[in-house]
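Contents: one structure, followed by commentary.
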Ligand SMILES: Cc1cc2nc3c(=O)[nH]c(=O)nc-3n(C[C@H](O)[C@H](O)[C@H](O)COP(=O)(O)OP(=O)(O)OC[C@H]3O[C@@H](n4cnc5c(N)ncnc54)[C@H](O)[C@@H]3O)c2cc1C
């Protein structure tokens, strides 16, 4: 690692960063540097799906953040895993492939005033990198170049022909593999039947724009192995390109901000701590921050870009007052109801005996199936917490296991967890500096259940869980509510109990949100350029103005695909 100059610098080799690196380095005339604080993804538990249990809370792969105590969680703090490794969170996540709902993107278009974010204009960018088990269709992409993208869309965001020449040149397409899961459980099949008896329709595809329904989730796996973004977008493509450079175990400590001749501010590079010394990498075109919702807000604040008075109070010299940096933190809070069951096996019982463990290991070794190929949540459902809602506003992640918290041992009785989350929380939290030292983690305050609306949805969603569990299809398993406990019935009690048993489902977004020019809290414009600082974009989950109605990994990839397109377009126009 030496002081050196590149065309593009990408900070963070996570979900967004790996895709961006692939697209920008496709042009052999551009030098691209990708910088990652974590190590390479050569740790076996990253690739074995059930290994998420060993990656979360492990300093080899996790930043080990902790939230501030939350009043809505009755004063509890939560472990807040974020991937610190090549692939970022895609190396430790639950692998669920989920786009969200079409209304999410239509709302972004409304909030930003930019039709490029409408669902119909995002769909091609999801499809572009998809390699879907059903093959190519109107809804899905599969391996090969996607000719539909060469047509102009309804709003004139015509795909630049040169961009697609570059993509064709790399002779790939559809790197993001989506497969069906390789196991099912009797008790989860029964939950699915029970959900249908409670009025939730069955679905085989949650990714068509309206995800209401119940079914097994599709997952980002290939042949029973986790498919992270490093596998999909870096290996082997980028590694074979002489114009691509990767620095791992290299932590960006701040941005270099200079003044242009006209007085405007410009980001010209980054300061990187390589474990021994601080080096500077310079970018002649752009720096893209893809350090995630926590990391990118933190780096901006350390660089003096953020709420000026707050930064100054920590001894950071403000370089550009942007009050929205770190604000608008949104996350999905999963309320984890646990039901004891009878007459069936769950992972609790299987994994708690030596014989069961050996059987699980053997099955995976022989056929890449069974519990080791398991995403943490297999079965999903989207429905309404209240029939008056226009769209499904809650999501279930149903697991054939139970524990007090991730990282704790499985319970020693057979049980399932029906975790439910409010897809569109109105609570807003914050990421802020604790000190000017880049090594000190920022304060993360998601501020869960801080609105009456969110507490009401929490109580109602627990009632929906009870309604599903009381259907005839579940009767053979004699489900018994272990948590929160049937004695709790009122709105107040259920909201309070939700605060006791709820945890993050790991979807922080919004801390560097996009918005219109007259919106003082917008951090980036709708092309993801940091307002008031040239040569700098944020390209990660932080730019979402509102959280998507589902898991956030693939929406982040779609954002990165759009950003790559714009970065190339802007370079051509310059
Ligand atoms: C445990 C867990 C389970 C999840 N399950 C799912 C799921 O099943 N499905 C789904 O769709 N979503 C899931 N998610 C969420 C999803 O993975 C994230 O929304 C998505 O990965 C965010 O992508 P990103 O590019 O914004 O950030 P990240 O993927 O977090 O990438 C940021 C990268 O930047 C690096 N970085 C940060 N700071 C610095 C710095 N200063 N210098 C250098 N590098 C830095 C990080 O180490 C990391 O590699 C889960 C997340 C977690 C943590």
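Each reported figure results from applying straightforward, stated rules to the coordinates on display, with no laboratory input. What you see is a predicted model, and the numbers here were worked out from it, not measured in a lab. As a convention, Cβ positions derive from the backbone with ideal geometry for all residues, glycine included, and neighbour counts pool all protein chains shown.
Some points to look at:
- For region 199-257, dividing the convex hull volume of the Cα atoms by the residue count gives 224 Å³ per residue.
- Protection-proxy order for peptides 103-111, 293-301, each taking the mean of Cβ atoms within 10 Å per residue, highest first: 293-301, 103-111
- Mean shadow area of region 444-574, taken as a quarter of the surface of its Cα convex hull (nm²): 11.4 nm²
- Helix axis angle, 553-573 relative to the chain longest principal axis, alpha carbon, degrees: 20 degrees
- Binned Cα-Cα distances of region 458-506, short to long, each 5 Å bin given as a whole percent: 5, 19, 28, 22, 15, 10, 1
- Extension reserve of the residue 342-residue 546 stretch, reckoned as 0.36 nm per residue once the Cα distance is removed: 69.4 nm
- Gain upon complete extension [residue 470, residue 208; 0.36 nm per residue less C-alpha separation]: 91.4 nm
- Rounded if a/c under 1.5, otherwise prolate or oblate - region 1-100, Cα gyration tensor axes: prolate
- Spacing of the modelled spin labels on residue 79 and residue 4, each 7 Å from Cα toward Cβ, amounts to 3.7 nm.
- Legend: ranking of residues 96, 559, 501 from fewest to most surrounding C-beta atoms inside 10 Å; resulting order 501, 96, 559.
- Per-q log10 I(q)/I(0), the chain, q = 0.12, 0.13 Å⁻¹ (Debye; single scatterer per alpha-carbon; no solvent): -1.18, -1.38
- Considering helices alone, the calculated mean residue ellipticity of the chain at 222 nm is -7500 deg cm²/dmol, with DSSP H runs of length four and up weighted by -39500 (n - 2.57) and normalised per residue.
- If the segment from residue 480 to residue 571 were pulled out straight at 0.36 nm per residue, it would be longer than the present Cα-Cα gap by 26.7 nm.
- Distance between modelled label sites at residue 314 and residue 120, nm, 7 Å Cα→Cβ extension: 4.4 nm
- Kirkwood Rh and Cα Rg combined as Rg/Rh, region 47-134: 1.10
- Rounded if a/c under 1.5, otherwise prolate or oblate - region 370-462, Cα gyration tensor axes: oblate
- With the highest mean first, a sort of the peptides 63-74, 412-423, 511-522 on other beta-carbon atoms found within 10 angstrom per residue produces 412-423, 511-522, 63-74.
- Folded to 0 to 90 degrees: helix 119-129 orientation relative to the chain principal axis, Cα: 90 degrees
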